[in-house]
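See structure below.
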Amino acid sequence: MKAIFPLILAVGALGASSMASAQFAKPEDAIKYRKNALFVMQQHYARVGAMAAGRVPFDAKVAADNAAVAEFMAKLPWAGFGEGTDKGDTKAKPEIWKEQAKFKDKAEKMMAEMSKLAAATKTGNLDSVKSAFQATSGSCKSCHDDFRAQ
């Protein structure tokens, strides 16, 4: 069952991500979707970060499981940045819609770094995890600096 769950999750994601932008009845729904996807991603990412920082003992399996969820979730929020989602309960800066190519590049960089982190956790090598975590954090920060209001 454990081996089948990631496959089911991946298949569901493919369908969900391609239909996500079409499923939002209101811009507020899209904002909630992206915020929740980012929240879940951050929660699992932070668990890996706690190990990388030495705040909790390193457990390669727990790190790999959490990194896999973060990697998966990193693909989802982008559908929630559609037309009309620049207003309301959001910290998204207007630059997202003015500089869409730059925003997309940063999103793709973060997803690539998240994939590298997931791969690093599978090695079981804490130094590799620390390095990949740092690179991923840098990509997150870069996007937040340009596109997220405090």
In segment 44-94, what residues are outside any helix (DSSP H, G or I) and closer than 20 Å to Gln134 by Cβ? Ala53, Gly54, Arg55, Val56, Pro57, Phe58, Asp59, Ala74
Name the single residue, out of those in segment 115-139 being under 12 Å from the mean Cα position of the chain (by Cα) and in contact (Cβ under 8 Å) with a residue 60 or more places away in the chain, that is farthest from Asp86 (Cα to Cα). Leu117
For the list (1) charged (D, E, K, R); (2) farther than 15 Å from Leu38 by Cα; (3) touching a residue at least 60 places away in the same chain (Cβ under 8 Å), I need the number of the one condition that Asp89 fails. (2)
For segment 23-39, state whether one or more residues are at negative phi, part of a helix (DSSP H, G or I) and modelled with pLDDT under 95. yes
Does Gly80 meet the test of being touching a helix residue (DSSP H, G or I) at 6+ places or on another chain (Cβ under 8 Å), under 25 Å from Thr123 (Cα atoms) and at pLDDT 95 or above? no
Could you please find all residues in segment 61-90 being among the charged types (D, E, K, R) and either in contact with a His (Cβ under 9 Å, 6 or more places away or on another chain) or crowded, with 21+ Cβ neighbours inside 10 Å (or both)? Asp65, Glu71
Among the candidates Lys116, Lys98, Lys130, Lys122, which residue alone is closer than 19 Å to Arg34 by Cα and modelled with pLDDT of 95 or more? Lys98
From the list Lys91, Lys87, which residue is within 13 Å of Cys143 (Cα to Cα), of a type in the set (Lys, Arg) and out of contact with any Phe, Trp or Tyr (no Cβ under 6 Å at 6 or more places or on another chain)? Lys91
Matching residues in segment 118-150 - criterion: being more than 30 Å from Glu99 (Cα to Cα) and either part of a helix (DSSP H, G or I) or of a type in the set (Asp, Glu) (or both): Ala119, Ala120, Thr121, Lys122, Thr123, Leu126, Asp127, Ser128, Val129, Lys130
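The values are calculated or read from the model by the stated rules, or taken from the named source; none is laboratory data. Keep in mind that what you see is a predicted model, and the values were worked out from it rather than measured. Positions of Cβ are backbone-derived with ideal geometry, glycine not excepted, and every protein chain shown enters the neighbour counts.
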